[in-house]
1. Give the residues of region 160-185 that are open to solvent by less than 50 Å² (accessible area, probe 1.4 Å), in a helix (DSSP H, G or I) and either of a type in the set (Phe, Trp, Tyr) or in contact with a Gly (Cβ under 7 Å, 6 or more places away or on another chain) (or both), sorted by residue number.
2. Can you tell me which of Leu20, Leu36 is buried (at least 18 other Cβ atoms within 10 Å of the Cβ) and under 10 Å from the mean Cα position of the chain (by Cα)?
3. Looking only at region 133-144, which residues are under 18 Å from Val176 (Cα atoms) and either open to solvent by 50 Å² or more (accessible area, probe 1.4 Å) or assigned to a strand (DSSP E or B) (or both)?
4. Within region 248-271, take every residue that is more than 17 Å from Arg16 (Cβ to Cβ) and among the aliphatic types (A, V, I, L, M) and give me the one that is most open to solvent (accessible area, probe 1.4 Å).
5. Which one of the conditions (1) out of contact with any Cys (no Cβ under 8 Å at 6 or more places or on another chain); (2) surrounded by 14 or more Cβ atoms within 10 Å (Cβ to Cβ) does Glu230 fail to meet, given that it meets all the rest?
6. Here are some conditions: (1) open to solvent by 20 Å² or more (accessible area, probe 1.4 Å); (2) closer than 19 Å to Val126 by Cβ; (3) in contact with a Ser or Thr (Cβ under 9 Å, 6 or more places away or on another chain). Lys26 meets all but one. Which one does it not meet?
7. For residues in region 73-118 being polar (S, T, N, Q) and open to solvent by less than 30 Å² (accessible area, probe 1.4 Å), which is nearest to Trp180 (Cα to Cα)?
8. Which residue pairs have Cβ atoms under 6 Å apart, sit 6 or more places apart or on different chains, and have a first residue in region 53-69 that is over 27 Å from Leu4 (Cβ atoms) and a second that is open to solvent by less than 10 Å² (accessible area, probe 1.4 Å) and at pLDDT 95 or above?
Amino acid sequence: MTALAAVILAAGEGQRLRPLTTLVPKALCPVGNVPLLDRALARVAGLGLAGPATVAVNAAYLAEQIVAAVGERTHLSVEPDGPVGTSGGIGRLRDWIDGRGVLVGNADAYLADPDRKPGEDIAALVDGWGGDTVRMLTKPVPPGDTGGFSGRRFAGFSLLPWRYVRTLSPEFSDLVRTVWRPAEAAGDLELIPYEGVYLDTGTPATYLAANLHAARGLTDPAATVTGHAEESVVGAGATVAGRITRCVVWPGAEVAADEDLTDAIRAGTHMTVPAA
């Protein structure tokens, strides 16, 4: 079997999730009270990929938070001058990848398959791989949408052979330009269906949807709810004295007694981000 490493891309700024991402980087936003980055690391661990010799995480925006959250669990690649894109991030890790194939995952990808555990749900990406082709986890392009690859769209993870990785520059670029389209043109791109739910959590609407799919009705035992919480996710140390419906209340956040929130994310004491 081809030697394999994993890289979780966590450098992005998450502009579409602002102002939430003024507080934490997108990769650390909680879904079902678990940071997105931890969900991604658990998924590759389910494939047997764990530890700093095998798994890397890149960081740029609010990098110190990513570094603190990761600790010694993985190899870290900090991009000091800001994000260099998905391709540049892999290019900066060429020496660490060192001849291996690499499973690349976006930290902000929410995946859930009711029939398979994390890791097992994306195992088709690596099963039987000979180390020569580019593989991409995909879902069908929604009706009416355009783009994608032969009617399918990227679903958060791809598998890259070393022969593509070894030529990647550490300068800013994205994998669509440097790997995926060239592989498609060369007949080297394999599209692997994902049977579960995939959401790009990059907008408030999809971020809320991921939370409600993962843990609708979850209140952390360390939260205090004296008001009413319906179909919501409430984090550790949060206080809900008012009424919330289909909301995410971040750890330590507060909802006052006179507040009534619906389809929104609350962070801190006053930050409210509507999902619409």
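The values are calculated or read from the model by the stated rules, or taken from the named source; none is laboratory data. What you see is a predicted model; the values in this text were computed from it and never measured. Ideal geometry is used to build each Cβ from the backbone, glycine not excepted, and the neighbour counts take in all protein chains shown. Areas reflect the complete protein model, heavy atoms only, side chains present, ligands, DNA and RNA absent. Shrake-Rupley method; radii C 1.70, N 1.55, O 1.52, S 1.80 Å.
1. Correct list: Tyr164, Trp180.
2. Leu36
3. Just the residues of region 133-144 that are under 18 Å from Val176 (Cα atoms), to begin with: 133-141.
Within region 133-144, Val134, Arg135, Met136, Leu137, Thr138, Lys139, Pro140 meet the criteria.
4. Only one residue tops the list, namely Ala257.
5. Unmet condition: (2).
6. Among (1) open to solvent by 20 Å² or more (accessible area, probe 1.4 Å); (2) closer than 19 Å to Val126 by Cβ; (3) in contact with a Ser or Thr (Cβ under 9 Å, 6 or more places away or on another chain), the lone unmet condition for Lys26 is (2).
7. Among those that are polar (S, T, N, Q) and open to solvent by less than 30 Å² (accessible area, probe 1.4 Å), it is Ser87.
8. Tyr61/Pro25; Leu62/Pro25; Gln65/Pro25
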